[in-house]
Amino acid sequence: MYMITEQKPLDEVLRQMEREQAIYVLGCGTCPAACHTGGKPEVQDMAERLSQAGKTVSGWMVAPTACDDSTGQALRREAAVLGQADCVLVMACGYGVQTVVRHTDMPVYPALNTLFLGREGAPREFVELCLQCGSCLLGLTAGVCPITACAKSLVNGPCGGYRDGKCEVHPQRDCAWSLIYRRLEALGQKEKLRSIPYLKDHSKFCHPRHVTLG
Ligand code: SF4
Ligand code: SF4
């Protein structure tokens, strides 16, 4: 399971840092490395492209897991080099960027867009399976997630745009509710369609979420 990211276009990265000349680049050796968006090769490539764009790269590192608090210790070890930089460019997900923000008073900028939490299928192909809605319905929907697999996150059956088992928003994809119906039928559990709550409890889906467990 990885936090899936994509690189921002270089123009956008540079626009964020138009006031800064000297840049420290920080990558992440976990999810961005797996996505090939912020591991060592991509950090070195970014440093090269920033130099070509006229910026000074004061230094760089690839934190083992940028969203981990060990990143704070790594930044403290780099204090002398960071002191020569005007800002930190983080090649990690939004969690990684905000972890760096917690550990420095310098301006911090994201180099990546955070897309979703997903798993890898074919190499370099990632798929989203769960939107962490806070009240899981998979036990009633034959293990197919209506919140994630349906383009409209409908919890009470297909929309009017459903055609021949395909989704109106993504016609190349199966309608989530067609998948749910077929799988419930195969399991002999079609009666579960009557138990699915007609309305979703969105109170558990409000942001920012914060929970104390145990
Ligand atoms: S219903 Fe879907 S989005 Fe909600 S917790 Fe279950 S798998 Fe995740
Ligand atoms: S066609 Fe099916 S998957 Fe697509 S938006 Fe409508 S209910 Fe959801």
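Bear in mind these aren't lab numbers, they're just calculated from the coordinates by the rules spelled out. Note that the structure is predicted; figures quoted are calculated from it, not measured. A quick note on method: Cβ atoms are made from the backbone with ideal geometry, for glycine too, and the neighbour counts reach across all protein chains shown.
Where a ≥ b ≥ c are the square roots of the eigenvalues of the C-alpha gyration tensor, would you call the range 133-200 rounded, which needs a/c under 1.5, or, failing that, prolate if a/b is larger than b/c, or oblate? Verdict is oblate for the range 133-200. Using Cβ contacts closer than 10 Å as the measure, can you line up C136, C130, C93 from fewest to most? With the sparsest Cβ surroundings first, the list reads C136, C130, C93. Entry note, the chain: relative contact order of 18 percent, from Cα contacts under 8 Å with a spacing of 6+ residues.
Where does the chain land on Rg/Rh, using Cα atoms and the Kirkwood Rh?
Working: Rg = 21.8 Å, Rh = 19.8 Å.
Using Cα coordinates only, the ratio equals 1.10.
Ordering V88, V155 by the number of other Cβ atoms within 10 Å of each residue's own Cβ, fewest first, gives V155, V88.
Between E120 and D68, the distance separating the two model label sites (each 7 Å from Cα on the Cα→Cβ line) works out to 1.8 nm. Helical runs (DSSP H, four residues minimum) scored at -39500 (n - 2.57) apiece and divided by the length of the chain put the mean residue ellipticity at 222 nm at -7500 deg cm²/dmol. Of the cross-linked pairs K8/K40; K40/K152; K152/K192; K8/K166, those separated by over 26 Å at the C-alpha level are K40/K152; K8/K166.
Using the Cβ-Cβ distance between H103 and E168 with R0 set to 45 Å, the FRET efficiency from 1/(1 + (r/R0)^6) comes to roughly 0.45.
On a full-extension model of 0.36 nm per residue, what is the gain between Q132 and H202, subtracting their alpha-carbon distance, rounded to one decimal in nm? Let's see the in-between values first.
Values: separation 70, 0.36 × 70 = 25.20 nm, distance 1.15 nm.
In short, 24.1 nm is gained.
Using Cα springs under 10 Å in a Gaussian network model of the chain, which residue among G143, G165, G188 shows the largest mean-square fluctuation? Top of the fluctuation ranking is G188. Modelled label positions at R183 and A53, each set 7 Å beyond Cα in the direction of Cβ, lie 4.2 nm from each other.
Rank these for me by crowding, D174, D201, D164, going from fewest to most other beta carbons within 10 Å. Provide the component values of the computation, followed by the final result.
Working: D174 14, D201 11, D164 7.
Ordered from fewest to most neighbouring Cβ atoms within 10 Å, D174, D201, D164 come out as D164, D201, D174.
Ranked from largest, the principal axis spans of the Cα set of the range 2-117 equal 33, 30, 20 Å.
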